[in-house]
Number of protein chains: 2
Amino acid sequence: MASEETLIVDCDTGIDDALALLYLLGDPDVEIGAVTTVFGNTDADTAALNTLRVLELAGRPDIPVAVGARSNWRGGSHLASYVHGDDGLGNTNLPAPTAAPSSEPAAELIVRLARQNPGTVHLLAVGPLTNLATALLLEPELPRLVKHVTIMGGALRHPGNVTPAAEANIHNDPEAARIVLQAGWPVTLVPLDATMTEVITEDHQRRLAATGSPVATFTASILDQYFDFYESTVFGERKAACHDPLAAAIAVGDVEPLLAPVVAVDVDTEDGPGRGATVADLRGQYRNFPPQEGATVRVVLETDRTFPELLVDRLCSAAPARRVA
Amino acid sequence: MASEETLIVDCDTGIDDALALLYLLGDPDVEIGAVTTVFGNTDADTAALNTLRVLELAGRPDIPVAVGARSNWRGGSHLASYVHGDDGLGNTNLPAPTAAPSSEPAAELIVRLARQNPGTVHLLAVGPLTNLATALLLEPELPRLVKHVTIMGGALRHPGNVTPAAEANIHNDPEAARIVLQAGWPVTLVPLDATMTEVITEDHQRRLAATGSPVATFTASILDQYFDFYESTVFGERKAACHDPLAAAIAVGDVEPLLAPVVAVDVDTEDGPGRGATVADLRGQYRNFPPQEGATVRVVLETDRTFPELLVDRLCSAAPARRVA
């Protein structure tokens, strides 16, 4: 990652959010300026507590955590405890955090940091896009203040995961996603097309468990719940997709996509069977994706499928000791 | 094809409709009971005249042709002369037909033949689905009277061809397509996912031109217009997809799909970016597509890509003499 970048991670922690945070925290060159939370995998307040727990596990209680949207544009919130466990972290009962979330609302924090650090903030959003859309309404200049936006979300050539057409982060707030994806800022969208091919397995889990460090032991244990879900619902075997950590690795430049055209992306906000679908214009696929006027969203369609190794290496080598802020 | 089947071809002739008809007419074991026409590639009346021209070229002026819907469920009709030429047949100026269309409307003809031949009619629809939807409204028992329905239409994992999400036949009348795809009868849907991989090339065209028979000469000449469109808009080179002929070959059993799960299929009839999209539930793709209760639509996702050879062989061997009915 470019050293002049400050990362703001917007997440709904969540098993794979925890993996993404621990992946990033394991790189001394990555500067996380703040973490903001949103409803999704769990509620926004639990997501903040879980984020603080994970930060403390990694010895980084100094990173500010701000709570954001507790519901979507329409006032609803669908939570995914069936995927992430009742506590959002695979029912692993990590100790309660000693730190508390910031009193500053997530969207305001995003706007403030972007104003204070023009051209250097990289927004990494791995939950519903409600906080980012709110920040765009608070500060219409945000697209010019922010350096880049990387989003885990959407399904292009791949089926959705909550409906046949829609992926969970986008489906949780299609109206917000449409605002964010059409704001004209440089976005990298990491959809299921890529994340579902980067698969963490029981072999990886065994490696983590054998390592014995607090981070590796924790990540091995949260994978149990995740594998339960993926085995029964998706793959028919004990393995899981690396959604959020892959987006994190792409954001900081550790994973270079093999195919990632810049194309027009719309979000279906109607109430039909396509609600929450990311409608990307991939019609240029037979001509090497010629440029599309006005398009600013790079959609990651293929990666080389070796990321889980990198992720597990990083988690296994995480320092056991707490780092003093 | 099972010899007890009577095929009714519903089409909007059209370059690839003509190829499909000539492909079918070249098989003495295929019985075409009637051809019905609909707006789409061209208007419904021109489609009927073009169908008669093609039938007469193949020596089959005896097959009845009935005109159907001139507009879609909403009263509109978007024609594709930019793809198929002003005359719908690549501006090849085939002689005017000697026969005339039947006075019976297409949907009534479909219902009558289905009632007269219960359990033996196979509907092959390669245009917008307005006639089939109308027939379903005329005769609610139609799903039990008809043996099978094969449809060229839709885009599942593949981009659309008229919008990023929608294929032309479905987009031309999403309301009708929804009625047809949700009628509970056994349907084989042949979407762009399959047809875009079955590609006819300039080599094929040269083979056809060199053969010298009326059918081969005509098909070689109509491909010029088709290649113009595909070169400028889709492939960047002179070749074209075998949409309608592939559906015909699958209907009569000449092509066996490699991957064709039976899944729930909905059609997006909203006015958002997904209008006309075929929303198929492919979420079972990692588990070999487990059965879905109530699903009756087999979606063809992969074929072996050798069909153009079969098509050209058939067109090159078409008998030059007229067959007497």
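The values are calculated or read from the model by the stated rules, or taken from the named source; none is laboratory data. Computed from a predicted model, the values in this text were never measured in an experiment. Methodologically, a virtual Cβ is constructed for each residue, glycine included, from the backbone with ideal geometry; neighbour enumeration extends over all protein chains shown. All accessible areas refer to the heavy atoms of the entire protein, side chains included, with ligands and DNA or RNA removed. Shrake-Rupley method; radii C 1.70, N 1.55, O 1.52, S 1.80 Å.
Per-structure values
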item: Region B:24-41, residues that are over 12 Å from the mean Cα position of the chain (by Cα), under 16 Å from residue B:125 (Cβ atoms) and not in a loop (DSSP other than H, G, I, E, B); result: B:32, B:33, B:34
item: Boolean, residue B:94 is of a type outside the set (Lys, Arg) and modelled with pLDDT of 95 or more; result: no
item: Which listed residue, of B:280, B:318, B:251, is of a type in the set (Gly, Ala, Ser), closer than 22 Å to residue A:236 by Cα and within 24 Å of the chain's Cα centre (by Cα); result: B:280
item: Counted residues, region A:261-273 - those being more than 7 Å from chain B (Cβ to nearest Cβ) and open to solvent by less than 30 Å² (accessible area, probe 1.4 Å); result: 4
item: Any hit, region B:174-185, residues being in contact with a Ser or Thr (Cβ under 9 Å, 6 or more places away or on another chain), on the phi > 0 side of the Ramachandran plot and open to solvent by less than 10 Å² (accessible area, probe 1.4 Å); result: no
item: Residue match in region A:122-133 (condition: open to solvent by 20 Å² or more (accessible area, probe 1.4 Å) and either farther than 24 Å from residue A:45 by Cβ or away from chain B (no Cβ under 14 Å) (or both)); result: no
item: Residue A:286 being within 19 Å of the chain's Cα centre (by Cα) and either within 12 Å of another protein chain (Cβ to nearest Cβ) or assigned to a strand (DSSP E or B) (or both); result: no
item: Hits in region A:199-239 - residues which are assigned to a loop (DSSP other than H, G, I, E, B) and within 14 Å of chain B (Cβ to nearest Cβ); result: A:236, A:237, A:238
item: Residue in region B:61-77 that is assigned to a helix (DSSP H, G or I), touching a residue at least 60 places away in the same chain (Cβ under 8 Å), open to solvent by 10 Å² or more (accessible area, probe 1.4 Å) and not aromatic (Phe, Trp, Tyr) present; result: no
item: Subset of region A:147-168 (residues that are open to solvent by less than 10 Å² (accessible area, probe 1.4 Å) and more than 16 Å from residue A:273 (Cα to Cα)); result: A:149, A:150, A:151, A:152, A:153
item: Candidate set from region B:30-43 (those that are touching a residue at least 60 places away in the same chain (Cβ under 8 Å) and not β-branched (Val, Ile, Thr)); member that is farthest from residue B:177 (Cα to Cα); result: B:33
item: Sole exception among (1) crowded, with 18+ Cβ neighbours inside 10 Å; (2) more than 10 Å from chain A (Cβ to nearest Cβ); (3) among the charged types (D, E, K, R); (4) in contact with a Ser or Thr (Cβ under 8 Å, 6 or more places away or on another chain) for residue B:254, by number; result: (4)
item: Helices (runs of 4 or more DSSP H) wholly inside region A:89-191 that include at least 2 residues being in contact (Cβ under 8 Å) with a residue 12 or more places away in the chain and touching a His at 6+ places or on another chain (Cβ under 9 Å); result: A:168-171
item: Condition met for residue A:7 (farther than 19 Å from residue A:176 by Cα and in a helix (DSSP H, G or I)); result: no
item: Yes/no for residue A:262 being hydrophobic (A, V, I, L, M, F, W, C) and either at pLDDT below 95 or in contact with a His (Cβ under 6 Å, 6 or more places away or on another chain) (or both); result: no
item: Any hit, region B:43-51, residues being open to solvent by 50 Å² or more (accessible area, probe 1.4 Å), touching a Leu at 6+ places or on another chain (Cβ under 7 Å) and within 16 Å of residue B:17 (Cα to Cα); result: yes
item: Unique residue being more than 10 Å from chain A (Cβ to nearest Cβ) and within 28 Å of residue A:281 (Cα to Cα) when the list is B:148, B:158, B:171; result: B:171
item: Residue B:249 over 26 Å from residue B:51 (Cα atoms), surrounded by 18 or more Cβ atoms within 10 Å (Cβ to Cβ) and either within 14 Å of another protein chain (Cβ to nearest Cβ) or modelled with pLDDT of 95 or more (or both); result: no
item: Qualifying residue in region B:296-308 (condition: within 12 Å of chain A (Cβ to nearest Cβ) and either buried (at least 19 other Cβ atoms within 10 Å of the Cβ) or part of a strand (DSSP E or B) (or both)); result: yes
